[in-house]
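The values are calculated or read from the model by the stated rules, or taken from the named source; none is laboratory data. Worth saying up front: this structure is predicted, and the values here are computed from it rather than measured. Neighbour counts are summed over all protein chains in view; Cβ atoms, including those assigned to glycine, are modelled from backbone coordinates with ideal geometry. Quick note on the areas: whole protein, heavy atoms, side chains included, nothing else; ligands and nucleic acids left out. Shrake-Rupley method; radii C 1.70, N 1.55, O 1.52, S 1.80 Å.
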Amino acid sequence: MIKEARAVGATIEEAQQAAVLALDAPEKADVQFEVITMPEKKVLGLFGGKQAEVRAFYEAPDEKPAKKAAKKNEKKNAPKTEKKTEVAVEEKIEEPAVEAEVIDLASCPDNVKKAYDYLNTIIAGIGVAGTNVEISRCEKDFFFSITSEEDYSLLIGRRGETLDSIQYLVRLVANKTKNDAEFSKISINVGNYREKREATLKDIARRTAGKVKKYGRNIALDPMNPFERRIIHTEVAKIPDVTSYSVGSDADRKVIITLEEGAKPSSPRKSYGNNRGGGRGRDRAPSAKVEAPDRAPRADAAGVRYGKIMPKADAEADTEE
């Protein structure tokens with residue numbers, strides 16, 4: 001019996017991971033993929049564009065009718081649980097460490113050899129010289145590690161986007177046949193970039209969680225792919241009093257780090273009123289009101305410096321006298 005699931009994503013990699021989650025296959029299942037729709041970028045970043053659609057499937061043994069009936073009864077009698085707030089299930093799963101052994105090209109299957117040759121063609125086309133590709137293997141998983149004395153940043157790209165694209169193309173070449181026996185998962189790394197990126201993301205998670213615990217305000221990180229979001233969620237889960245969840249969709253999906261329910265910030269920021277003085281003198285006491293001293297009333301003519309002022313008629317009479 002074939003079990004399958006379909007999913008979409010901004011890239012083939014994201015669509016595959018989403019399809020695997022929807023499939024919920026056992027760990028030992030040999031999951032295969034079929035690309036239904038290739039992703040297309042928007043024209044000028046505004047018009048058109050398509051998401052990648054991928055079908056994930058594997059062959060499962062047929063279940064006996066008694067087991068099927070038992071499963072239905074369990075679902076009916078199972079208590080309902082509240083859904084978590086937008087936390088991606090796949091991002092909470094921590095992958096076990098993989099121990100791979102270094103092998104030579106001659107001991108690789110034919111499809112892996114083709115993928116190896118195609119990878120070197122891409123590297124030469126990009127223009128990175130003096131490269132060496134080391135092959136490691138763990139069961140059906142193969143790892144291509146690229147090293148070079150020259151600048152290999154062109155193979156990585158912004159936040160590993162070029163590296164992910166190369167990996168996707170190499171996997172297509174390796175698994176273009178539908179023969180299950182020849183299916184191989186190939187992962188590509190350049191100069192330990194993925195390990196360095198993982199360490200950077202863990203540091204970002206710890207520092208951001210520290211700010212959330214101190215000030216009590218939610219902090220949103222930059223959009224990341226599912227693999228990077230999983231690293232953030234796993235690291236935040238190790239830190240007390242904070243939690244994380246994902247919001248957004250496709251390439252704009254990002255992680256929000258927030259305080260756990262009931263936790264209080266250690267140093268909440270105080271809010272001040274309107275202060276037009278640029279924040280200066282916030283702690284000063286208000287100045288006392290200065291009142292004018294009491295003075296005795298003065299006569300109109302008293303203390304006139306330039307003489308007495310009188311009406312014109314009176315002034316002419318004084319002159320005639």
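Considering each residue of the stretch 165-211, count those that are hydrophobic (A, V, I, L, M, F, W, C) and either open to solvent by 50 Å² or more (accessible area, probe 1.4 Å) or in a strand (DSSP E or B) (or both), and give that number. Full working, then the answer.
Of all residues in the stretch 165-211, those hydrophobic (A, V, I, L, M, F, W, C) come to 166, 169-170, 172-174, 181, 183, 186, 188, 190, 199, 201, 204-205, 209.
Narrowing the set further to residues that are either open to solvent by 50 Å² or more (accessible area, probe 1.4 Å) or in a strand (DSSP E or B) (or both) leaves 169, 172, 181, 186, 188, 190, 199.
Count: 7.
Out of the stretch 228-257, which residues are in a strand (DSSP E or B) and within 16 Å of Lys202 (Cα to Cα)?
The answer is Val242, Thr243, Ser244, Tyr245, Lys254, Val255, Ile256, Ile257.
When only residues in the stretch 212-227 that are without any contact (Cβ under 8 Å) to a residue 60 or more places away in the chain and assigned to a helix (DSSP H, G or I) count, which is most open to solvent (accessible area, probe 1.4 Å)?
Within the stretch 212-227, the match that is most open to solvent (accessible area, probe 1.4 Å) is Lys214.
Do you know which of the residues in the stretch 248-265 that are modelled with pLDDT under 90 and among the hydrophobic types (A, V, I, L, M, F, W, C) is farthest from the chain's Cα centre (by Cα)?
For the stretch 248-265, the residue satisfying everything is Ala263.
Looking at Ala5, Ala70, Ala29, which is the one that is assigned to a strand (DSSP E or B) and either surrounded by 11 or more Cβ atoms within 10 Å (Cβ to Cβ) or modelled with pLDDT of 55 or more (or both)?
Ala5 is the lone residue from the list that is assigned to a strand (DSSP E or B) and either surrounded by 11 or more Cβ atoms within 10 Å (Cβ to Cβ) or modelled with pLDDT of 55 or more (or both).
Being out of contact with any Lys or Arg (no Cβ under 8 Å at 6 or more places or on another chain) and either touching a residue at least 12 places away in the same chain (Cβ under 8 Å) or open to solvent by less than 50 Å² (accessible area, probe 1.4 Å) (or both): is that true of Ile146 here?
So Ile146 passes the test.
Which residue pairs have Cβ atoms under 9 Å apart, sit 6 or more places apart or on different chains, and have a first residue in the stretch 184-197 that is of a type in the set (Phe, Trp, Tyr) and a second that is outside any helix (DSSP H, G or I)?
From residues that are of a type in the set (Phe, Trp, Tyr), the pairs are Tyr193/Tyr152.
For Pro240, all conditions in the list (1) at pLDDT below 90; (2) surrounded by fewer than 13 Cβ atoms within 10 Å (Cβ to Cβ) hold save one; what is the number of the exception?
If we test Pro240 against (1) at pLDDT below 90; (2) surrounded by fewer than 13 Cβ atoms within 10 Å (Cβ to Cβ), just (1) comes out false.
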